[in-house]
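Computed from the coordinates by the stated procedures, all read-outs in this text should not be read as laboratory data. This one's a predicted model, so the numbers in the text were calculated from it and none came from an experiment. Virtual Cβ from ideal backbone geometry, glycine too; neighbours counted across all protein chains shown.
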Amino acid sequence: MYRFPLIKVRGVPLRCYIADNWDSICAFRPDPSDILIATYPKAGTTWVQEIVDLLRHNGDAEATSRAPTPERFPFLEIHYPPPIPSGLSRLKNMDPPRVIKTHLPFQLVPKGFWENKCKTIYVARNAKDNLVSYYHFDKMTLIQPEPGPWDGYILKFMKGELAWGSWYDHVKGYWKERKKNNILYVFYEDMKENPRREVERIMHYLDMSLGYDVISHIVELTSFKSMKENPMANYSSMPTPIFDQSISPFMRKGEVGDWTNYFSPAQIQMFDDDYKRQMMDADIPFRTNI
Ligand code: A3P
């Protein structure tokens with residue numbers, strides 16, 4: 001396995017294997033019953049996937065233990081070198097309704113998702129924690145470019161040069177479209193603050209109604225501690241040539257505010273000044289400095 005270079009698709013840097021298969025990804029036609037979980041990488045995708053799967057299986061942990069995360073939730077655009085199956089080939093072998101994962105920015109998602117009014121949950125995480133999490137992920141993901149030194153990584157994030165592009169454009173793109181396309185916009189920080197409230201929000205969005213005890217059980221099963229120990233959710237099944245969890249575990253810290261351990265005062269100043277500029281046209285209620 002090698003560290004894939006990034007290639008731009010309509011201005012967005014993507015792993016070269018995704019760019020090489022772009023036409024087939026664009027041509028994907030979802031079923032109206034499919035559920036899309038969209039995120040910028042490291043915003044809490046896996047957490048929400050697990051919640052949705054448990055909701056759909058009435059909190060039954062045995063049902064959700066049927067396979068590891070990447071097999072249960074096809075990753076729409078993912079392409080590895082053969083023989084590892086692509087997201088599209090996994091989708092072909094699975095009957096709807098499916099829970100599909102994407103990191104594509106709104107404008108690159110195949111139009112069929114919006115035409116078919118597929119339910120879409122977008123998870124967003126405050127920029128600084130998202131950046132710190134991505135930095136560790138890029139160290140251990142041996143198929144993305146190496147992160148390089150921390151100070152340079154911050155600049156790459158600010159300039160939108162990491163895989164899947166600009167965090168700023170990503171969170172703004174889905175925010176702008178959320179009403180028109182009935183997208184549920186969820187914040188990682190809200191999930192940490194009150195997981196039950198957010199599980200219930202997701203449940204109502206999916207037109208489901210489960211009892212109090214089942215929801216309590218789902219909240220427990222999707223706590224950071226439970227998921228870190230769950231081999232079907234912690235990516236321990238991912239082969240080492242792709243993820244090397246001895247460098248940094250996939251379930252790393254699961255906290256809000258870890259960024260304070262990484263940013264120097266000068267980096268905070270630089271980042272915040274730039275953040276104001278990049279986010280001035282958006283009114284997204286991020287709770288950034290917590
Ligand atoms: P950290 O690196 O900050 O620990 P994604 O699933 O989008 O790749 O996001 C991974 C991030 O979400 C990691 O953040 C991971 O620890 C965190 N995460 C995963 N499951 C979680 C949970 N149940 N509770 C809190 N954070 C979780």
Discussion item. Neighbour counts of other C-beta atoms within 10 Å: give me Glu77, Glu62 arranged from fewest to most.
Written reply: Glu62, Glu77
Response to the item:
Counting sequence-distant residues (5 or more places) and residues on other chains, those with an amide H built under 5 Å from that of Lys101 are Ile37, Phe75, Leu76
Worksheet, complete the sentence: For the chain, percent of DSSP beta bridges that are antiparallel (nearest 5) comes out at 25
Worksheet entry | FRET E, pair Asp95, Asn116, Förster distance 25 Å, beta-carbon r, rounded to 0.05 | 0.95
Worksheet item: Could you work out Rg/(2.2 N^0.38 Å) for region 25-129, with Rg from alpha carbons only?
Response: 1.05
Worksheet item: Quick one: if you take sqrt(5λ) for each eigenvalue of the C-alpha gyration tensor of the chain, what semi-axes come out, biggest first, whole angstrom?
Response: 26, 23, 20
Discussion item. 7 Å from Cα along Cα→Cβ at both Ser33 and Ser216: what's the point-to-point distance in nm?
Written reply: 3.2
Practice prompt. Mind checking which of Gln269, His57, Pro32 is farthest towards the positive end of the chain's charge dipole, using Cβ charges of +1 (Lys, Arg) and -1 (Asp, Glu) about the Cα centre?
Written response: Pro32
Discussion item. How would Ser33, Ser246 line up from fewest to most surrounding beta-carbon atoms within 10 angstrom?
Written reply: Ser246, Ser33
Worksheet, complete the sentence: Summing -39500 (n - 2.57) over every DSSP H run of at least 4 in the chain, dividing by its residue total and rounding to the nearest 500, the 222 nm mean residue ellipticity is -11500 deg cm²/dmol
Worksheet entry | Potential extension, Ala282-Leu155 segment - 0.36 nm per residue separation minus Cα distance | 43.6 nm
Worksheet item: Can you pick out the pairs among Lys139/Lys180; Lys8/Lys225; Lys139/Lys179; Lys172/Lys253; Lys128/Lys180; Lys101/Lys139 whose Cα atoms lie more than 30 Å from each other?
Response: Lys139/Lys180; Lys8/Lys225; Lys139/Lys179
Worksheet item: Using 0.36 nm per residue, how much length does the chain from Trp22 to Gln269 gain when fully extended, once their Cα-Cα distance is taken away?
Response: 85.1 nm
Item to complete: Mind giving me the FRET efficiency for Ala61 and Asp190? R0 is 25 Å, r the Cβ-Cβ distance, nearest 0.05 is fine.
Response: 0.55
Worksheet entry | Percent antiparallel among DSSP beta bridges (both partners in region 1-154, rounded to 5) | 30
Discussion item. Under the 0.36 nm per residue contour assumption, what length would be gained going from the current alpha-carbon distance of Ile242 and Asn182 to full extension?
Written reply: 18.1 nm
Worksheet item: Are there trypsin sites (Lys or Arg not before Pro) in region 50-93 that DSSP puts in a loop and that have at most 16 other Cβ atoms within 10 Å, and which ones?
Response: Arg66
Worksheet item: Can you work out ³J(HN,Hα) from phi for every residue in region 208-216, in order, using Karplus 6.51 cos²θ - 1.76 cosθ + 1.60 and θ = phi - 60°, giving whole Hz and x for Gly and Pro?
Response: 10, 8, 10, x, 4, 5, 5, 5, 4
Worksheet entry | Relative frequency of Cα-Cα separations exceeding 26 Å in region 150-280, percent | 43
Worksheet item: For region 196-242, what is the charge dipole size about the Cα centre, in debye to the nearest 20, if Lys and Arg each add +1 at the Cβ and Asp and Glu each add -1 at the Cβ?
Response: 180
Worksheet entry | Rounded if a/c under 1.5, otherwise prolate or oblate - region 165-242, Cα gyration tensor axes | oblate
